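The values are calculated or read from the model by the stated rules, or taken from the named source; none is laboratory data. Only a predicted model underlies this, so the values are computations on that prediction, with no experimental measurement involved. In this analysis, Cβ positions are derived from the backbone assuming ideal geometry, glycine residues included, and neighbour counts consider all displayed protein chains. Areas reflect the complete protein model, heavy atoms only, side chains present, ligands, DNA and RNA absent. Shrake-Rupley method; radii C 1.70, N 1.55, O 1.52, S 1.80 Å.
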Amino acid sequence: HYTGVTDDGRALSLQAERATPLDGSRTVISAQQVVADLDTGGERHIRVEAESAVIDSGAGEARLTGGVVVETATGHRVETDSLRTALDTTEMDSDGPATVTGPNVTADAGRLSIRPHPDRPEAVIVVFKDGVNLIYTPGPD
């Protein structure tokens, strides 16, 4: 279990079913069945689940792999094969294609990034890269 606070003041918690040091390292851990929670302010949060991860506290990052799913309190869901997340800031980057589903929207992108919103501390910005297919379905008036 790893807990901390990012430089931008957000609580971060990482839990794993099993974790072992890699090659006797004190800062690099291999973990299985990983769940990470990031408090983005107020009632908002981001949950990330993955089959495995390599957590490098010395480098300040975790690389999650195997059926990575990101879910937000707003009902959005991201699915990707691999995701890098910072341990000290609110930054996440997929290593390849990602699919996003949520209220009124479906999107496929070559990659995506999640960063803190520069003007609204409680919000994050999702940036789609490398080819985007976005379908928006308006809701009832």
Q. Local charge sum around Thr72 (other residues, Cβ-Cβ under 9 Å, Lys/Arg +1, Asp/Glu -1)?
A. +2
Q. Of Asp95, Asp130, which has the most accessible area with a 1.4 Å probe, and how do the rest follow in descending order?
A. Asp130, Asp95
Q) Excluding ligands, DNA and RNA, what is the solvent-accessible area per residue of segment 80-121 at a probe of 1.4 Å, expressed in Å²? A) 43 Å²
Q.
Rounded, prolate or oblate for segment 1-73? Axes are the square roots of the Cα gyration tensor eigenvalues, ordered a ≥ b ≥ c, and the cut-off for rounded is a/c under 1.5.
A. oblate
Q: Roll a 1.4 Å probe over the protein heavy atoms and report the accessible area of Asp119 in Å², nearest 10.
A: 120 Å²
Q | Residue order for Tyr136, Tyr2 - accessible surface, 1.4 angstrom probe, largest first | A | Tyr136, Tyr2
Q. Non-local amide H neighbours of Leu87 (under 5 Å, H modeled in plane, Pro and chain starts lacking H): which ones?
A. Glu61, Ala62
Q) Cβ under 15 Å from Asp130's Cβ, Asp130 left aside: what net charge do those residues give with Lys, Arg +1 and Asp, Glu -1? A) -2
Q) Applying 1/(1 + (r/R0)^6) with R0 = 30 Å to the Cβ-Cβ distance of Leu134 and Thr89, what FRET efficiency is obtained, to the nearest 0.05? A) 0.65
Q. Carbon-plus-sulfur fraction of the accessible area of the chain, 1.4 Å probe, in percent?
A. 50 percent
**Q.** Contour excess over end-to-end distance, with Cα ends at Thr101 and Arg26 and 0.36 nm allotted per residue
**A.** 23.2 nm
Q: Could you tell me the distance between the Cα centroids of segment 96-141 and segment 1-78, to the nearest Å?
A: 20 Å
Q: Sum up the charges of everything whose Cβ sits under 10 Å from the Cβ of Leu12, counting Lys and Arg as +1 and Asp and Glu as -1, but leave Leu12 out.
A: -2
